[in-house]
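Submitted below is the structure of interest, expressed as structure tokens.
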Number of protein chains: 2
Amino acid sequence: MGDRRNKYGVSPDMQACPVETTLDVIGGKWKGIILYQLLNGTRRFNEFRRLNPGITQFMLTLQLRELERDGIIHREIYKEVPPRVEYSLTDFGRTLEPVIMSMKVWGESYKMRLNENPTIQEEES
Amino acid sequence: MGDRRNKYGVSPDMQACPVETTLDVIGGKWKGIILYQLLNGTRRFNEFRRLNPGITQFMLTLQLRELERDGIIHREIYKEVPPRVEYSLTDFGRTLEPVIMSMKVWGESYKMRLNENPTIQEEES
DNA sequence: CAGAATCCTCTGAGATACTG
DNA sequence: CAGTATCTCAGAGGATTCTG
């Protein structure tokens with residue numbers, strides 16, 4: 001899967017815009033919701049599947065691995081039978097909390113706005 | 001281009017996660033940086049091109065139109081020769097400012113973290 | 001200057017089947 | 001339970017050319 005660190009073939013510190021950097025890390029199709037659910041605590045693999053019926057095992061694994069690679073989440077493997085794996089935010093991942101929360105708040109206001117007036121797509125600036 | 005309001009074939013208010021909703025609106029490849037640049041004021045079409053050499057005319061137009069459709073930006077056309085079009089945030093678009101800014105701050109800390117220790121991809125939670 | 005129209009290329013994402 | 005391993009494909013993203 002794409003090493004999103006190399007969009008321009010340069011190291012990420014050469015990328016001009018930090019907003020883009022953040023989007024690159026949390027912008028995956030399911031990463032927003034995964035992170036949001038992790039704010040409430042540790043989750044297991046099948047717990048994510050139950051919470052998000054739309055996501056396939058494959059994609060879930062992929063998104064989790066990318067978040068792990070980026071240092072956002074931690075993957076704890078318990079050597080048991082049956083196997084158990086728990087996902088949690090790293091300390092660094094926790095620093096995303098204000099970002100996620102502001103996105104949550106805004107998303108809610110956006111949906112409210114759509115419901116209030118579904119036809120309006122633009123307003124005067 | 002995808003009507004991202006219909007990921008599940010349902011109206012957006014049926015989508016469970018507001019974080020995803022926000023990502024759907026601002027998660028386009030160039031939307032983060034476009035919005036960030038608009039925080040500083042009105043921009044013209046070729047101004048965006050100069051600021052972001054990597055983006056093609058086509059993609060720029062597309063991203064701007066989607067943001068306009070979603071009520072985030074306003075497109076003011078001046079009937080002149082040569083033509084002039086100015087883009088600005090709508091009032092509603094301005095409500096994205098805290099989101100963008102928190103993403104900017106986080107993106108900077110992420111890049112700093114990479115520079116400090118490029119090999120570390122994970123830390124203990 | 002600010003686009004519109006075409007055509008093309010990847011890759012993010014999904015379906016399905018199998019396994020330690 | 002928590003994953004791999006393949007295969008497939010739509011569609012986001014891009015290059016190029018043309019125009020009011």
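On the protein heavy atoms, probe 1.4 angstrom, tell me the percent of accessible surface of the range B:18-114 carried by carbon and sulfur. Could the numbers behind the result be given before it?
Details: 2390 of 4270 Å².
Accessible surface attributable to carbon and sulfur in the range B:18-114 totals 56 percent.
Taking every DSSP beta bridge that has both residues in the range B:18-114, what percent is antiparallel when rounded to the nearest 5? Let's see the in-between values first.
Values: 8 of 8 bridges.
Roughly 100 percent of the beta bridges in the range B:18-114 run antiparallel, per DSSP.
A further question on this structure: Taking the mean number of other Cβ atoms within 10 Å as a proxy for protection, how do you rank B:40-52, B:61-73, A:58-70 from highest to lowest?
With the highest mean Cβ count within 10 Å placed first, the list reads B:61-73, A:58-70, B:40-52.
Which whole-angstrom value gives the distance between the alpha carbon centres of the range B:17-51 and the range A:42-107?
Going from one Cα centre to the other spans 27 Å.
Hey, another quick one. To the nearest 20 Debye, how big is the dipole of the range B:18-114 about its Cα centre, given +1 on the beta carbon of each Lys and Arg and -1 on that of each Asp and Glu?
Details: 15 positive and 12 negative charges, 80 e Å.
My answer is approximately 380 debye.
List the distances, in nm to one decimal, from the label point of residue B:76 to the label points of the same position in every other copy, shortest first, placing each label point 7 Å from Cα along the Cα-to-Cβ direction.
Label-point distances to the other copies, shortest first: 5.5 nm.
The values are calculated or read from the model by the stated rules, or taken from the named source; none is laboratory data. From a predicted model like this one, the values you see are computed outputs, not experimental measurements. Glycine also receives a Cβ, built like all others from the backbone with ideal geometry; neighbour counts cover every protein chain displayed. The protein model used for the area step is the full one, side chains on, heavy atoms only, and it has no ligands, DNA or RNA in it. Shrake-Rupley method; radii C 1.70, N 1.55, O 1.52, S 1.80 Å.
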